[in-house]
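Notes to accompany the following structure.
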Amino acid sequence: MEENDKRRPITIGVAGIGGWGKNLARNFDELPDADLRYVCDVDPGRLGQARRQHPTAQATPEFRLLLEDPELEAVVIATIGSTHHALCKAALEAGKDVFVEKPFALKSSDAEELVRIAQERNRILMVGHLLEYHPVIERLRQMIVGNELGRMYYIYSQRLNLGTVRHDENALWNFAPHDISSIMYMLGRRPTDVSARGQSYLQRGIEDVVFMTLNFGDEAMANVHVSWLDPHKTRRITLVGSQKMAVFDDGEATEKLRIYDKGAHVNTDYNSFAEFVGLRFGDITLPYIKSGEPLRVECLHFLDCVRRRARPRSDGWDGLAVVRVLEAAEQSLKRRGEPVHLTWEDEIL
Ligand SMILES: NC(=O)c1ccc[n+]([C@@H]2O[C@H](COP(=O)([O-])OP(=O)(O)OC[C@H]3O[C@@H](n4cnc5c(N)ncnc54)[C@H](O)[C@@H]3O)[C@@H](O)[C@H]2O)c1
């Protein structure tokens, strides 16, 4: 973007106008700082719908047209995961800034290649780790940084549902990018080892349910339970610290965050076993958190990064870190839960 073009809306094309891509197209069409120029989908039915919803944008089944338009600055990719690497690579090589949905790529070598191309060509590359833009996750991160929960003991997250059974990826790759990215964002750290167990009940080789454990090198640990074969629709993250505990329930319409002033400590001076552990039951508080669609916050962040040539919060390195954890979890799944060790270069920490 040229210096004298600073207030002109950023030109955007969205590829993949399916269940999720239509939300991205809607947001970019509504935001004054964006100019939605293209909607692209290979499915004629979905393309027709997108054409009706975004009459001022050009509707095309050909991704190539977006890349060939010299006036188009940024491409948003919301196609299925197996296509992300090829489309993202083509867009970066055509000189476009890119917002790509999770999972960033299906192999860490592919993710590394995309990070390298973006760096070489000085392109903005952002991955759709939506929860990193959720105001409750931001509040929890600040509480952890400010030591309000005390020492972090453990986190567990549940992303469960009955339905949305995919045949192109398992429940781990479909749901867990959100849990992995938000846990790493809140803790400000990468895991040192990963183990996972899961089962395929509906389709051979595609796990419907996965239990994944992340260790963080000290006593902090996290467990992620994902499933599309569960009676409850659940999107909940629980954090247990030495001083306080917190529950983020994204299924709640308004009261999404509860802080429990509860804890336990070991007494050094005790006469009986009953006195050995002291339990503390305090208030439960519901902090006011200004609501807002996290997707809108995420879209605004992308536009801001494109305009200022700034590094996105969920940039390619963050995307690569999540893919590495997923890949390690996948290896562990194949080895019936054996822990897989992870090491991180400085750039990705
Ligand atoms: N961030 C989030 O919270 C969130 C939520 C849901 C889905 N997603 C992600 O968004 C992506 C899309 O998911 P979905 O549920 O919308 O899937 P979907 O199958 O409903 O939609 C994908 C669309 O991409 C189109 N498509 C496929 N290849 C294409 C190509 N080469 N060019 C143009 N269009 C193409 C398909 O025709 C389809 O309409 C996935 O990566 C998914 O993981 C993210």
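The values are calculated or read from the model by the stated rules, or taken from the named source; none is laboratory data. Source: prediction; values computed, not measured. Note that each Cβ is placed from the backbone with ideal geometry, even for glycine, and that neighbours are counted across all protein chains shown. Calculation scope for accessible area: heavy atoms of the full protein, side chains included, ligands and nucleic acids excluded. Shrake-Rupley method; radii C 1.70, N 1.55, O 1.52, S 1.80 Å.
Listed values, structure above:
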quantity	calculated
Candidate set from segment 88-123 (those that are of a type in the set (Gly, Ala, Ser) and more than 16 Å from the ligand (Cβ to nearest atom)); member that is nearest to residue 292 (Cα to Cα)	118
Check on residue 119, within 23 Å of residue 236 (Cα to Cα), open to solvent by 10 Å² or more (accessible area, probe 1.4 Å) and at pLDDT 95 or above	no
Considering residues of segment 124-148 that are within 14 Å of residue 288 (Cα to Cα) and open to solvent by less than 10 Å² (accessible area, probe 1.4 Å) only, the residue nearest to the ligand (Cβ to nearest atom)	137
Segment 206-224 residues that are over 14 Å from residue 240 (Cβ atoms) and in contact (Cβ under 8 Å) with a residue 24 or more places away in the chain, paired with ones that are assigned to a loop (DSSP other than H, G, I, E, B) and acidic (Asp, Glu) (beta carbon under 9 Å, 6 or more apart)	206/168; 206/169
Members of segment 175-207 found to be more than 12 Å from the chain's Cα centre (by Cα), among the hydroxyl-bearing types (Ser, Thr, Tyr) and surrounded by 19 or more Cβ atoms within 10 Å (Cβ to Cβ), listed by number	195
Residue count for segment 13-27, restricted to those that are under 17 Å from the mean Cα position of the chain (by Cα) and either more than 8 Å from the ligand (Cβ to nearest atom) or part of a helix (DSSP H, G or I) (or both)	3
Condition met for residue 45 (open to solvent by 30 Å² or more (accessible area, probe 1.4 Å) and in a helix (DSSP H, G or I))	yes
Flag for residue 180 being β-branched (Val, Ile, Thr) and either closer than 16 Å to residue 137 by Cβ or away from the ligand (no atom under 16 Å from the Cβ) (or both)	yes
Close pairs from segment 55-80: first buried (at least 20 other Cβ atoms within 10 Å of the Cβ), partner modelled with pLDDT under 95, Cβ under 9 Å, at least 6 apart	73/1
Close pairs (8 angstrom Cβ cut-off, 6 or more residues apart or separate chains): under 12 Å from residue 126 (Cα atoms) in segment 303-325, polar (S, T, N, Q) and open to solvent by less than 10 Å² (accessible area, probe 1.4 Å) anywhere	314/181; 318/181
Selection from segment 208-226 of residues that are open to solvent by 60 Å² or more (accessible area, probe 1.4 Å), part of a loop (DSSP other than H, G, I, E, B) and in contact with a Ser or Thr (Cβ under 7 Å, 6 or more places away or on another chain)	217
Any hit, segment 31-40, residues being open to solvent by 80 Å² or more (accessible area, probe 1.4 Å), more than 12 Å from the ligand (Cβ to nearest atom) and over 26 Å from residue 169 (Cα atoms)	yes
